[in-house]
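To start, I am sharing the structure in question, which I have written as structure tokens.
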Amino acid sequence: MAQADFEEIVETFEFLDDWEDRYAHVIELGKAMDPLPEDQRNALTKVDGCASQVWLVPETGEVLRFNGDSDAMIVRGLIAILRTLYNDRTPADILSVDAPAEFARLGLDKHLSAQRSNGLRAMIARVRDVATHAQTA
């Protein structure tokens, strides 16, 4: 399911010619997410390496799910995209995803600021770390 949702995002990005429209779409994806409960915004869920405040909360089991939030709208949108890429996958599936290549399909690798790119890498690293620990648990 999540992969189909990601493909839908790819198709939407291909349809949108203008980068302002693409950024607006990323922001809309973030606005559509439910906010993270205040008690889940803590030092354990905070992602270091992001210029803005970012929290990722994993739900572990046979498949993993991630909820997240940020104080920056564009970053909320990036979290929404990450969720479509990773949610409802096994740890092994998550570890097999080439997230930089997937984000390159959206052109985000060329259009994010250096700080946002670093933050995105930090979020991907957190997801992969959770998947690694879940796989060995």
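The values are calculated or read from the model by the stated rules, or taken from the named source; none is laboratory data. It should be emphasised that the depicted structure is a prediction, and the values quoted were computed from it without experimental measurement. Here the Cβ is made from the backbone with ideal geometry for all residues, glycine too, and neighbour counts use every protein chain on show.
Anything in segment 89-128 that is surrounded by 15 or more Cβ atoms within 10 Å (Cβ to Cβ) and either in contact with a strand residue (DSSP E or B) (Cβ under 8 Å, 6 or more places away or on another chain) or acidic (Asp, Glu) (or both)? List them, or say none.
Selection gives ARG89, THR90, PRO91, ASP93, ILE94, VAL97, GLU102, GLY119, ALA122, MET123, ARG126, VAL127.
For segment 17-50, enumerate the residues that are assigned to a loop (DSSP other than H, G, I, E, B) and exposed (fewer than 13 other Cβ atoms within 10 Å of the Cβ).
Within segment 17-50, ASP17, ASP18, ALA32, ASP34, PRO35, PRO37, ASN42, ALA43, LEU44, ASP48 meet the criteria.
Looking only at segment 84-114, count how many residues are farther than 18 Å from TRP19 by Cα and part of a helix (DSSP H, G or I).
Residues meeting the conditions: 12.
Could you please tell me which pairs satisfy a Cβ distance under 6 Å, a separation of 6+ or placement on different chains, a first residue in segment 112-137 that is under 13 Å from PRO100 (Cα atoms), and a second residue that is at pLDDT below 95 and surrounded by 20 or more Cβ atoms within 10 Å (Cβ to Cβ)?
If the second residue must be at pLDDT below 95 and surrounded by 20 or more Cβ atoms within 10 Å (Cβ to Cβ), the pairs left are GLY119/CYS50; ALA122/CYS50.
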